[in-house]
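Engineer: Mind looking over this structure? Questions follow.
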Amino acid sequence: MIRAERRTGLIFFPAFDWAISPTHPEREERLLYTQDQVLEEGLLDIEGIREYRVREALFKDIRRVHFCVPDEEAVTTRSHLISAGGCLVAADAVLKGEVESAFALVRPPGHHSMRVVHGNRGFCNINIEAIMIEYIREKYGIRKVAIVDTDCHHGDGTQDIYWHDPDTLFISVHQDGRTLYPGSGFIDESGGPNAQGATVNIPLPPGTGEKGFLFVLDEFIMPLLKKFQPELVINSAGQDNHFNDPITNMNFTARGYATLNARLKPDIAVLEGGYAIENALPYVNVGIIMAMAGMDTSYVKEPNYDRDYKPQPADITLYIEKLVAELKDLFLKGNPLKTEFKEGEIIERNRNIFYDTDGIDEKQHEKLRCCHDCAGALSIESTSSLGQHIHAVHIPMFACTACRDIALDWHKKAFRGNFDHLYLQDKVRGVYEKV
Amino acid sequence: MILGLDVGGTQTDTVLIDKNGVFYESKTPTGDNLLETLALALDKTLTNIDPTNIERMTFSTTMATNAIVQGLLADTGMIVSAGPGMDPALFSVGPSYHVVEGCLDHQGLEAMPVNKEAVLNASDLIRQDGIKLVGIVTKFSVRNPAHELLISDWVKNSFSHIALGHQVSGALNFPRRITTTYLNAALYGLHQEFTNAVIRTIGKKDLQAPRFLLKPDGGTVGLEQSLYYPAGTAQSGPAASVMGALALDGCKGNSIVLDIGGTTTDMSVVLNGVPLLARHGIMLGPFQTLVRSLLTRSIGMGGDSEIQIEKNGNLKIGPLRKGSPVAFGGNIPTPTDAMITLDLIRIGNGEAARDAMEKLAVPLGLTADKMAHEVLKHTAQSIAVSVNDFIGYINSRPLYTIHEVVQEKKIIPDSVVIIGGPAPQFADYVGKALGLPYRVPSHFGVANAVGAAVARVTSEISLQADTQRGTVVIPEADVQDKIASDFSLEDASSLAREVIKKQALQAGADPSDLDITITEKEMFNMIRGYSRTGRNIRLKMSIVPGIIPEWNRRKQDDTR
Ligand SMILES: [Zn+2]
Ligand SMILES: [Zn+2]
């Protein structure tokens, strides 16, 4: 019998009975061929690889992260709850020590879902990684978490949720936002006033290949993780950087993904996007599972690799080398981006957010208390083109008394008559309210 | 009249069944020579019976399992082609294993042609080793058997027997396909000898009726038809017990079936008369296979298990058997000695059994009776712990659709059916330990032989249709056809139904007893660039394990 070097949990939920719409890429068939490949490889027979049953996440699990408008039920389907629940199963498996690492091969994805949810953005309704991380923090007392998002699209939802959190290092590697949805994720997006440098964006040029991704990993991401010293590393393992992917322009491979995973050694990997369901996903997923289990992945290869994969051109290599040098300067050697803010200063910002899938426009007004001791009190007023108007207050888990007091005050003073709903997310007490 | 014969590790059980039910049962010690044991058991059974009255007979055999465990597998070469994934060298089996270039993808499309030169070269190397048997397996051959058929065609004149991977099972699992194909080739000669010998033996006794072998899935296959799939007849003992319990008890509701023997206790679950099947194939010796099997678990706990008192005074029963019970001349006390002490059965040397209990009891300040009672209670509790663990395992199997998650039917057993030699003595203890009502059917001691006798022929096929490619494949039945773009789920169903009928009849099924069940039915729209380009249909159809109609027509009189 073949044995895995590392005990690995696999949570497979292909949601064979759910699609966004009858002909949408996020469809029933999406993980069908992945399942075929995983079964045919016999990966589930390997000693040390253990498959877990999914469960449904509860609305309570969502409330640790999101302000759902008008409520959780309206913006989720069963499928979202099970997809998020699959991540919770992965978390339990790893944190209880049953396995050394786990891969939640679930759909639908979540990394475009922001803190406030009015509907579906970029195929995502709720942020399954964030729901998992906040569950872990509450249940297992973990504080410092790093997320490495290797989906081809900028993980703008996850970035939004952790923008102000200095305890979460969010690193997104993606195709340059000037050439792809959602059009964000530039180097200068590096975290809010209280969490400067805890958001790191690595926009790569179209055509980036195995060499480029692994260079970025070895030269920048690994040293950055070493510097941050997370207790837990999560990989948002989107697979649309693949050279066969129909909706992106990158040039990554199954073996590349496997190598990346083997070097990154995430505690938990969560599937995100990836729509080359026949000629990329089966091989990438097999590669990731094998890499997590510590197995030799040198035989993992797309059948069309030799014919269609073109090594990364020299000009792209050069571009990436320069980019990495710049990133190193910014994030590894001190942090020249850092702006000094006065303790107690209230910083406001206005934002417009577009929900492409559901065609919703959202306007946000955000208030943050600058704080040197915690992630800061946060309030958001949000109005959607559907006519919903809400006031939401977030008290971070390790909030200082000053921030907590001011946040509670904001919540108390918000005039009920001006809003459809008032939300309070008090992570200190674990209280999540809506009136 | 129906004859059932189940070869167990220590005893071979035989029953005869007529229109009134079981009217004869006997036990014969299992010897080293399987055929001698068989002849002996038949001699005993057929005294005073007119063999021409026998209309049907089923045997279980340990031939394949013994051959695997004793290292008697014939030298067999393997020619394998893989494509991307795990290093195919990891699946090496047998003395002459060769990987050749060639690749089919998960849809069965050729990604790389098979390298003919490499195949011929491998074939030469196998022959140079003096090997006459070969197994041919390619990855995803169940989606498209073309490469296996091609390789087979190139080497067919070089070998006396060729086993092909896609015929083994429609399930996706390349490593298991390799081992199962290997075993089918490596056991071919032995199995042929065995079936011929059985035919001679029963011929000598003028037994002319249809004869069957029991399979680990609780179904049967015609003796002659089993020739090419010997691995499929290995290790059917636990299935015999389940089918016996099903026949004798009916197993209504959610029943746990416990077969308590001398050395082990086997457990399984029957839901409203249908036994649960294992998700993957059975394990044969060190080989993970694709051989379909009932879901059973065996623990080292039985009437003859060793009793120990641990340092802290706790009782420990099993998992080993260290010789006979004290009542039968052994040195180590066993639960059987406890039953004898409590006068639950009157066998062997009762005094010796009581002395043994006494010896255990004194340091604990107990009487022999109390000790014996504690032993049985503890044994039952240990069995109950394992049963609950087994149920937990069943209830944790993965779910892949929202429907399944929402429906989430947890299996909660509502009764326990207990069979095996010491069933009546243990039943009350086990029922209490599980907190469930229990039943001990008549003929509990030979339930396995009853199960073998009355199990119906089973069969399974897997259909995959891809309307974009215009193909349908049923690997187990070697069906590959072109289909039109409007090929529907209904078309798939009727094709599958036709094929499984044919296959079951070929395996010796009774045409009036073809209980066909769809075990899996999925249809996916294939979406390419925001439009539907075809349908992917997957269908699994089977004739599930069950009891032949003759048994159900018997007069309900099993009390004789
Ligand atoms: Zn993406
Ligand atoms: Zn603060």
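Engineer: Does at least one position in the stretch A:276-289 carry a residue that is in contact (Cβ under 8 Å) with a residue 24 or more places away in the chain, more than 13 Å from ligand 1 (Cβ to nearest atom) and more than 12 Å from every other protein chain (Cβ to nearest Cβ)?
Structural biologist: yes
Engineer: Here's another thing I want to ask about it. Counting just the residues of the stretch A:112-132 that are farther than 18 Å from residue A:359 by Cβ and of a type outside the set (D, E, K, R), which one comes out surrounded by the most Cβ atoms within 10 Å (Cβ to Cβ)?
Structural biologist: For the stretch A:112-132, the residue satisfying everything is A:128.
Engineer: Suppose the filter is in contact with a strand residue (DSSP E or B) (Cβ under 8 Å, 6 or more places away or on another chain) and either within 15 Å of residue A:200 (Cβ to Cβ) or at pLDDT below 95 (or both); does residue A:166 pass it?
Structural biologist: For residue A:166, the condition - in contact with a strand residue (DSSP E or B) (Cβ under 8 Å, 6 or more places away or on another chain) and either within 15 Å of residue A:200 (Cβ to Cβ) or at pLDDT below 95 (or both) - is not met.
Engineer: Another question, then. Out of the residues in the stretch A:273-283 that are at pLDDT below 95 and not small (Gly, Ala, Ser), state the one that is nearest to residue A:240 (Cα to Cα).
Structural biologist: A:275
Engineer: Further question: Residues that are among the polar types (S, T, N, Q) and surrounded by 12 or more Cβ atoms within 10 Å (Cβ to Cβ): does the stretch A:337-346 have at least one?
Structural biologist: No, the stretch A:337-346 has no match at all.
Engineer: Same structure, new question: Would you please name the residue that is surrounded by the fewest Cβ atoms within 10 Å (Cβ to Cβ), looking only at residues in the stretch B:518-545 that are within 14 Å of chain A (Cβ to nearest Cβ) and among the polar types (S, T, N, Q)?
Structural biologist: Within the stretch B:518-545, the match that is surrounded by the fewest Cβ atoms within 10 Å (Cβ to Cβ) is B:531.
Engineer: Residues that are within 16 Å of ligand 2 (Cβ to nearest atom): which strands (runs of 3 or more DSSP E) entirely in the stretch A:352-400 hold 3 or more of them?
Structural biologist: Working: elements: A:360-369, A:378-384, A:389-395.
Filter on the stretch A:352-400 gives A:360-369, A:389-395.
Engineer: Let me ask you something else. Does residue B:492 satisfy the criteria of being modelled with pLDDT of 95 or more, more than 14 Å from chain A (Cβ to nearest Cβ) and closer than 22 Å to residue B:14 by Cα?
Structural biologist: The answer is no for residue B:492.
Engineer: State the number of residues belonging to the stretch B:66-105 that are hydroxyl-bearing (Ser, Thr, Tyr), crowded, with 19+ Cβ neighbours inside 10 Å and either within 14 Å of chain A (Cβ to nearest Cβ) or in a helix (DSSP H, G or I) (or both).
Structural biologist: 1
Engineer: Exactly one of these conditions fails for residue A:75: (1) β-branched (Val, Ile, Thr); (2) farther than 30 Å from residue A:378 by Cα; (3) surrounded by fewer than 24 Cβ atoms within 10 Å (Cβ to Cβ). Give me its number.
Structural biologist: Looking at each condition in turn, residue A:75 falls short on (2).
Engineer: Also, quick follow-up: Pick out the one residue from A:133, A:147 that is β-branched (Val, Ile, Thr), under 25 Å from residue A:197 (Cβ atoms), in contact with a Phe, Trp or Tyr (Cβ under 9 Å, 6 or more places away or on another chain) and within 16 Å of ligand 1 (Cβ to nearest atom).
Structural biologist: Result of the check over A:133, A:147: A:147.
Engineer: Check whether at least one residue in the stretch B:497-517 is surrounded by 15 or more Cβ atoms within 10 Å (Cβ to Cβ), within 14 Å of chain A (Cβ to nearest Cβ) and free of Cβ contacts under 8 Å to residues at least 60 places away in the same chain, and report yes or no.
Structural biologist: no
Engineer: Can you find, within the stretch A:365-383, the residue that is farthest from ligand 1 (Cβ to nearest atom) among those that are in contact with a Lys or Arg (Cβ under 6 Å, 6 or more places away or on another chain) and within 12 Å of residue A:347 (Cα to Cα)?
Structural biologist: First, pick out the residues of the stretch A:365-383 that are in contact with a Lys or Arg (Cβ under 6 Å, 6 or more places away or on another chain): A:366, A:376-377, A:379, A:383.
From the residues that got through so far, the ones that are within 12 Å of residue A:347 (Cα to Cα) too are A:366, A:376-377, A:379.
On the way: A:366: 26, A:376: 30, A:377: 33, A:379: 30 Å.
It comes out as A:377.
Engineer: With respect to the numbered conditions (1) outside any helix (DSSP H, G or I); (2) on the phi < 0 side of the Ramachandran plot; (3) charged (D, E, K, R), which one is the sole condition not fulfilled by residue B:206?
Structural biologist: Evaluating residue B:206 over (1) outside any helix (DSSP H, G or I); (2) on the phi < 0 side of the Ramachandran plot; (3) charged (D, E, K, R) leaves (2) as the failure.
Engineer: With (1) hydrophobic (A, V, I, L, M, F, W, C); (2) part of a strand (DSSP E or B); (3) more than 24 Å from residue B:277 (Cβ to Cβ) as the list, and residue B:473 as the residue in question, which single condition is left unmet?
Structural biologist: Unmet condition: (3).
Engineer: Of the residues in the stretch A:24-59, how many are β-branched (Val, Ile, Thr) and either at the interface with another protein chain (Cβ under 8 Å from one of its Cβ atoms) or in a helix (DSSP H, G or I) (or both)?
Structural biologist: The number of residues fulfilling the criteria is 3.
Engineer: Here are the criteria: (1) surrounded by 22 or more Cβ atoms within 10 Å (Cβ to Cβ); (2) in contact with a helix residue (DSSP H, G or I) (Cβ under 6 Å, 6 or more places away or on another chain); (3) of a type outside the set (A, V, I, L, M, F, W, C). Tell me which single one residue A:109 does not satisfy.
Structural biologist: Result: residue A:109 passes all but (2).
Engineer: Only one of (1) closer than 22 Å to residue A:1 by Cβ; (2) assigned to a loop (DSSP other than H, G, I, E, B) is not met by residue B:303, so which one is it?
Structural biologist: (1)
Engineer: Further question on the same structure: Quick check on my filter: what residues within the stretch A:21-62 are within 30 Å of residue A:429 (Cβ to Cβ) and either surrounded by 21 or more Cβ atoms within 10 Å (Cβ to Cβ) or touching an Asp or Glu at 6+ places or on another chain (Cβ under 6 Å) (or both)? Can you show your working first?
Structural biologist: So the first thing to find is which residues in the stretch A:21-62 are within 30 Å of residue A:429 (Cβ to Cβ), and the list is A:54-62.
Within the stretch A:21-62, A:54, A:57, A:59, A:61, A:62 qualify.
Engineer: A further question follows. Looking only at the stretch B:400-456, how many residues end up being within 14 Å of chain A (Cβ to nearest Cβ) and either in contact (Cβ under 8 Å) with a residue 24 or more places away in the chain or surrounded by 19 or more Cβ atoms within 10 Å (Cβ to Cβ) (or both)? Talk me through it step by step, then tell me what you get.
Structural biologist: Restricting attention to the stretch B:400-456, the residues satisfying the condition of being within 14 Å of chain A (Cβ to nearest Cβ) are B:400-411.
When the remaining residues are screened for being either in contact (Cβ under 8 Å) with a residue 24 or more places away in the chain or surrounded by 19 or more Cβ atoms within 10 Å (Cβ to Cβ) (or both), the result is B:402, B:405, B:411.
Total meeting the criteria: 3.
Engineer: Might you let me know whether the stretch B:111-126 holds any residue that is in a strand (DSSP E or B), more than 27 Å from the chain's Cα centre (by Cα), β-branched (Val, Ile, Thr) and buried (at least 16 other Cβ atoms within 10 Å of the Cβ)?
Structural biologist: No, the stretch B:111-126 contains no residue that is in a strand (DSSP E or B), more than 27 Å from the chain's Cα centre (by Cα), β-branched (Val, Ile, Thr) and buried (at least 16 other Cβ atoms within 10 Å of the Cβ).
Engineer: Does residue A:339 satisfy the criteria of being of a type in the set (Val, Ile, Thr), within 14 Å of chain B (Cβ to nearest Cβ) and away from ligand 2 (no atom under 16 Å from the Cβ)?
Structural biologist: Values: of a type in the set (Val, Ile, Thr): yes; within 14 Å of chain B (Cβ to nearest Cβ): no; away from ligand 2 (no atom under 16 Å from the Cβ): yes.
No; evaluated as a whole, the condition is false for this residue.
Engineer: Answer yes if at least one residue in the stretch B:283-291 is within 14 Å of another protein chain (Cβ to nearest Cβ), part of a loop (DSSP other than H, G, I, E, B) and modelled with pLDDT under 95, and no otherwise.
Structural biologist: Yes, the stretch B:283-291 contains a residue that is within 14 Å of another protein chain (Cβ to nearest Cβ), part of a loop (DSSP other than H, G, I, E, B) and modelled with pLDDT under 95.
Engineer: If I filter the stretch B:254-266 for residues that are under 21 Å from residue B:388 (Cα atoms) and acidic (Asp, Glu), do I get at least one hit?
Structural biologist: Going through the stretch B:254-266, the residues under 21 Å from residue B:388 (Cα atoms) turn out to be B:254-261, B:263-266.
Those left that are additionally acidic (Asp, Glu): B:259, B:266.
Checked against the condition, which is being under 21 Å from residue B:388 (Cα atoms) and acidic (Asp, Glu), the stretch B:254-266 yields at least one hit.
The values are calculated or read from the model by the stated rules, or taken from the named source; none is laboratory data. This structure is a prediction, so every number in the text was calculated from the model and none was measured. Using ideal geometry, Cβ is built from the backbone for each residue, glycine included, and neighbour counts are taken over all protein chains shown.
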